[in-house]
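Notes for the one structure printed next.
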Amino acid sequence: MPTVKQILGDLNKESFISLLRKLIGESKYVQNNPPELIPEEDRIVNHVLDTLLPYSTTTGGGPLVINHVTYKPKRGNLIVEYPGTQPGNILSFVGMHMDVVTANPCDWDFDPFSLSIDGDKLRGRGTTDCLGHVALVAELMRRLGETKQQLKSTVVAVFIASEENSSIPGVGVDALVKGGLLDKLKQGPLFWIDTADKQPCIGTGGSIPWKLHVTGKLFHSGLAHKAINPLELAMEALKEIQSRFYRDFPAHPKEQVYEFATPSTMKPTQWFYPGGGINQIPAECTVSGDVRLTPFYSVSDAMKKLQEYVDDINANIDKLDCRGPVSKYVLPDENLRGRITISFDEASSGVACDLNSRGFHVLCKATEEEVGHVKPYSITGTLPLIRDLQDEGFDVQTSGYGLMATYHAKNEYCLLSDMCQGYRVFASVISQLEDRYEV
């Protein structure tokens, strides 16, 4: 009797490329950058439905149970279920999102909004992140519906809206979880398919966007002793804040276990000031940046510490290092003191996947079988949606078959050979979990 893997076979390249071509052709209309660009994910849904409906209970052509769930007009999610024979045995592929980041055709060497093929390269916005995965998992579900093999495990695919930007809530996976539509997925491993490089991603970072606003005193640069230079104050205050942060949040021992590429970091990424002449010391400036926090530290604790640093620096601003003989942050004769304030945008926590779970072990074995080696990795990039799922009680594991080097980049592409390996990894995962129930 043929095995599950043998029945699922290899990825149908012709069918996959045909579907992906249609999806990339819609990528212009699913760019997610509100308020200017609000994606219409139903454009993607419709192509996936064209692929899967012939094998569904909707048409009577097969076993796939399809649920198109929409919370905002034109912005649907798609839940596709291949029913198994044993209640409670389930696995799911989730996270294949149907929106993309923006692309400016002027910056690209080829049209980002149509699929082009260069040897093994499949080029266009969304090929790696994440329309390539949408097409890949759709092909997996099509093959299940086509072969109609009897599985003990129910296999569920959840194609989601609104992953790239969370400024419009209640559209995608957050709404599906809130509505209880994913509850039964807690009974088995959930594979989030939205990372890259064909290896299990077992850890991600938390993110704390911050703004440090600095107030000084404007004056002519030729009379610097009468000014409080907010640029100098910002530099010295930030140096002190960073020193304290790295003292309080050093490299954590578990970061080695999870193979994190970097420890937690706190750094500036943007600088703003209100303008003025080169001979003016400005009155204020703002430095912005972020904290990337490994999941072994608390985001709320880090935010509390940052506020404490700022409060202490303000209270002792006269003790802060200055820059030269007339640089100062206090003007006693004028009863003026420089001041810093810190504020935060929406923060999110990182994830450490469960390394003891059945889902992790089958993913590693499948990767080793089909890719040739397995090397789980962690990064302090942020996937806030999967932390939310983990907190809700889901056994979340993550993987992906695009290329990290082209993630959110211009000239984005993926490799067809990588997607073929990804398909076989999925088939191996399903097969292993079936074998488990033979015991």
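Please compute the per residue accessible area over the chain with all protein chains in place, 1.4 Å probe, rounded to a whole number of Å². Walk me through the intermediate numbers first.
On the way: 18930 Å² over 439 residues.
Spelled out: the 1.4 Å probe surface of the chain, per residue, equals 43 Å².
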For the chain, set up a GNM with springs between Cα atoms under 10 Å and report which of Y273, Y407, Y71 has the largest fluctuation. Y273
What accessible area, in Å² to the nearest ten, does a 1.4 Å probe give for D435? 90 Å²
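Order T102, T204, T286 by their accessible area, 1.4 angstrom probe, all chains in place, largest first.
Values: T102 60, T204 5, T286 30 Å².
From most exposed to least exposed: T102, T286, T204.
If eta is 1.306 mPa s and T is 10 °C, what Stokes-Einstein diffusion coefficient results for the chain, Kirkwood Rh from Cα pairs, in µm²/s?
Details: Rh = 23.9 Å.
After rounding, the answer is 66 µm²/s.
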Give me, ordered by chain and number, the residues 5 or more places off V351 or on other chains with an amide H under 5 Å from its own placed amide H. T204, G205
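Show me the GluC sites (Glu not before Pro) within the stretch 361-439 that DSSP assigns to loop and that have at most 10 other Cβ atoms within 10 Å of their Cβ.
Working: sites: E368, E369, E370, E392, E412, E434, E438; in loops: E392, E412, E438.
Within the stretch 361-439, the qualifying GluC sites (Glu not before Pro) (loop, at most 10 other Cβ atoms within 10 Å) are E438.
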The stretch 181-198 - phi-based ³J(HN,Hα) in whole Hz, Karplus 6.51/-1.76/1.60, Gly and Pro as x: 6, 10, 4, 5, 6, 5, 7, x, x, 10, 9, 8, 9, 7, 10, 7, 6, 6
Name the residues whose placed amide hydrogens come within less than 5 Å of the amide hydrogen of T398, ignoring near sequence neighbours (fewer than 5 apart) on the same chain. W192, C201
Between the Cα axis of helix 131-147 and the main Cα principal axis of the chain, the angle (0 to 90°, nearest 10) is 20 degrees
Nearby aspartates and glutamates by direct alpha-carbon distance to K121 (threshold 17 angstrom, same-chain neighbours under 8 apart not counted): E14, D109, D111, D129, D197, E412, D418
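Which loop GluC sites (Glu not before Pro) in the stretch 163-245, with loop taken from DSSP, have no more than 12 other Cβ atoms within 10 angstrom of their Cβ?
On the way: sites: E163, E164, E232, E236, E240; in loops: E163, E164.
Here no loop site has a sparse enough neighbourhood.
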Signed unit charges on C-beta, dipole axis of the stretch 161-300, positive-most listed residue G289, W271, I228: I228
Under a point-charge model restricted to the Cβ atoms of Lys and Arg (+1) and Asp and Glu (-1), what is the dipole moment magnitude of the chain relative to its Cα centre, in debye to the nearest 20? 140 debye
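With a ≥ b ≥ c the root eigenvalues of the C-alpha gyration tensor of the stretch 371-437, is it rounded (a/c under 1.5), prolate (a/b larger than b/c) or oblate? Please list the in-between numbers first.
Details: a/c = 2.31, a/b = 1.12, b/c = 2.06.
Since a/c reaches 1.5 but b/c is at least a/b, the shape of the stretch 371-437 is classed as oblate.
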So who's got an amide H within less than 5 Å of the one on F219, skipping anything under 5 residues away but keeping other chains? H placed 1.01 Å off N, in plane. I281
Over what distance in Å are the Cα centres of the stretch 204-226 and the stretch 257-300 separated? 12 Å
Given the C-alpha atoms of the stretch 213-339, compute the convex hull and give its volume per residue in Å³. 113 Å³
Springs between alpha-carbon pairs under 10 angstrom, Gaussian network model over the chain: which of L223, L140, L403 fluctuates most? L223
Please work out whether the stretch 328-439 counts as rounded, prolate or oblate from its C-alpha gyration tensor, where a ≥ b ≥ c are the square roots of the eigenvalues and a/c under 1.5 means rounded, while otherwise a/b larger than b/c means prolate and anything else oblate? prolate
Relative to the first principal axis of the alpha-carbon coordinates of the chain, what is the inclination of helix 358-371, with its axis defined by its Cα atoms, in degrees from 0 to 90 and to the nearest 10? 80 degrees
Pop a pseudo-label 7 angstrom from the Cα along the beta-carbon direction at both D345 and T58 and give the gap in nm to one decimal. 3.6 nm
Placing +1 on the Cβ of each Lys and Arg and -1 on the Cβ of each Asp and Glu in the chain, which of Q242, V177, S92 has its Cα farthest towards the positive end of the resulting dipole? Q242
For the stretch 211-228, what does the Karplus curve 6.51 cos²θ - 1.76 cosθ + 1.60, with θ = phi - 60°, yield as ³J(HN,Hα) per residue in whole Hz, taken in order and with x for Gly and Pro? 10, 10, 9, 10, 10, x, 9, 5, 6, 4, 5, x, 10, 4, 5, 9, 10, 10
Most fluctuating residue given options H220, H408, H361, as computed from a GNM of the chain linking Cα atoms under 10 Å: H220
In degrees from 0 to 90, rounded to the nearest 10, what is the angle of the helix 13-24 Cα long axis to the longest principal axis of the chain? 40 degrees
Dipole of the stretch 97-169 [Lys/Arg +1, Asp/Glu -1 at C-beta], most positive-end residue of I160, T128, M141: M141
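Heavy atoms only, probe 1.4 angstrom, no DNA, RNA or ligands counted: give me S327, S243 ranked by accessible area, highest first. List each step's numbers first, then the result.
Numbers: S327 20, S243 65 Å².
If we order S327, S243 from most to least accessible, we get S243, S327.
May I ask you to give the percent of accessible area on the chain that is carbon plus sulfur, with a probe radius of 1.4 Å? Numbers along the way, then the final one.
Working: 9540 of 18930 Å².
Carbon and sulfur: 50 percent of the exposed surface of the chain.
Kindly provide the helix-only [θ] at 222 nm of the chain, computed as the sum of -39,500 (n - 2.57) over DSSP H runs of four or more divided by all residues, to the nearest 500 deg cm²/dmol? Mind dumping the intermediate values first?
On the way: 11 runs with 134 residues, N = 439.
Per the formula, -9500 deg cm²/dmol.
Rounded to the nearest angstrom and ordered from largest down, what semi-axes does the equivalent ellipsoid of the stretch 30-159 get from its C-alpha gyration tensor (root of 5λ)? Let's see the in-between values first.
Details: eigenvalues 181, 58, 30 Å².
They are 30, 17, 12 Å, listed from largest to smallest.
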Provide the per-residue ³J(HN,Hα) series for the stretch 415-425, in order, calculated from phi with Karplus coefficients 6.51, -1.76, 1.60 and θ = phi - 60°, each as a whole number of Hz, with x at glycine and proline positions. 10, 4, 4, 5, 5, 4, 5, x, 4, 5, 4
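The values are calculated or read from the model by the stated rules, or taken from the named source; none is laboratory data. Just so you know, these numbers come straight off a predicted model, no measurement behind them. Note: ideal-geometry Cβ built from the backbone for every residue, glycine included; neighbour counts use all protein chains shown. Quick note on the areas: whole protein, heavy atoms, side chains included, nothing else; ligands and nucleic acids left out. Shrake-Rupley method; radii C 1.70, N 1.55, O 1.52, S 1.80 Å.
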